[in-house]
Amino acid sequence: MDFWKKLKGELIDIVEWLDDSRDTLVYRFERMNNEIKYGAKLIVREGQVAVFVDQGKIADVFQPGLYTLETKNLPILSTLLGWKYGFESPFKAEVYFVNSRQFTDCKWGTANPIMLRDAEFGPMRLRAYGTYAFKVGDAGALVKEVSGTSGRFTADGITDQLRNFILTCFSDALAESKVPALDLASNYEELSSLIASKIKPPFKTYGIDLTAFLIENISLPPEVEAALDKRTSMGVIGDMGKFTQFQTATAIGDAAKNPNGGGAMAQGMGIGAGFAMANQMSGAIAGANQSSGVPPLPGAATLRFFVAIDGKQAGPFDTAALAQLSATGKLTPQTLVWKQGMPAWSPASDCPDLHITLGNNPPPLP
């Protein structure tokens, strides 16, 4: 069995890789004892890069194209091997094909909430998720730093580490941006660009280029979302008094359609709704009278006077308060008073509006 496998390897002079998967990142070309014949054809298709490794060192990196493996095409490998026959006999080298296409729709998300301080809500926790895309920018660095000698290295072997980079940079950028929580949705594009600029350098160390980074959602804790929903509902309702009147009228209408459906409980609810409706109507009528702008009856105007008591300004006082001051002797005909419209402070006896108030008290004893 080993003989036929070896013989088959000696006869094959084409080095290529046909990718039949969607997640393979690095594939090692298999050959008996890694022996490749001199003059063999190397086929590197679009979306691939071929990396030659000898004794753990990267010898050459081939971009898409057709190559004949001979001395003039492998100067670095020739120097490393230093064979005196100029590759006339089979030489040993490992060939790794690296998938250079874009890997799209890669998911990222916060496993735990991110703690930060919001300008409006104070300390809070946020969750976020989205997608990103990447491709191999430096095949040699990827083979040397990540895949090593694996026969088949998939994207899953590195995406966990890439997500760790993303979450670290995302948390840092979100806190530095100081964007209020309620304005995050309108700044997804700006935040994505800022975070992508922070992610690219650590990706480069693994030979990976970040080609796209998107934020799909940044969510608040369920308790905060519920509170915001209530606040929004109150804003939609508007005038609570009118809303209560509408609800009461609707309840009375429903009770009238089915007066016997609920028995005593339905009747009680109907009576209660009627009282509530009456109260709402009386309140509405009172409010209408207050806001109708009807002038007060003649003589019912309320006086508003400032009074000089013990050399200090006091007031303003209405009619009842002025009468009490007069009764206690703090307001006399000689007391200085002032109200809006008067040019200066004057004795109370000079103000006709106060004659009735002053006349209710007996004159001082002789």
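Label-to-label distance for ARG101 and ALA320 is 8.9 nm, based on points extended 7 Å past Cα in the beta-carbon direction.
Considering only the other residues whose Cβ falls under 12 Å of the Cβ of SER100, what net charge follows from Lys and Arg at +1 and Asp and Glu at -1? Before the final figure, lay out each step's value.
Working: positive: ARG45, ARG101, LYS135; negative: ASP19, GLU46, ASP138, ASP209.
Cβ neighbours under 12 Å give a net charge of -1.
Computed over Cα pairs, the Kirkwood radius of the range 89-161 leads via Stokes-Einstein (0.692 mPa s, 37 °C) to a diffusion coefficient of 207 µm² per second.
Determine the alpha carbon to alpha carbon distance for each of LYS57/LYS204; LYS57/LYS107; LYS178/LYS198; LYS107/LYS135; LYS107/LYS204 and list only those over 24 Å. Exceeds cut-off: LYS57/LYS107. Counted by Cβ distance under 9 Å from ARG45, the other residues give a net charge of -3, where Lys and Arg count +1 and Asp and Glu count -1. Three principal axis extents describe the C-alpha atoms of the range 305-359; from largest down they are 27, 23, 19 Å. Exposure proxy for VAL26, VAL61: other Cβ atoms within 10 Å of each Cβ, ordered fewest to most, give VAL61, VAL26.
All other residues with a Cβ under 13 Å from the Cβ of PHE305 taken together, and with Lys, Arg as +1 and Asp, Glu as -1, what is their net charge? Numbers along the way, then the final one.
Numbers: positive: ARG304, LYS330, LYS339; negative: ASP318, ASP350, ASP353.
Once positives and negatives cancel, what remains is 0.
The slack between ALA141 and ASP353, meaning 0.36 nm per residue of separation minus the straight C-alpha distance, is 66.4 nm.
Only the coordinates and a few stated rules stand behind these numbers; no lab work does. None of these values were measured; they are calculated from a predicted model. Here Cβ is always computed from backbone atoms with ideal geometry, including for glycine, and neighbour counts include all displayed protein chains.
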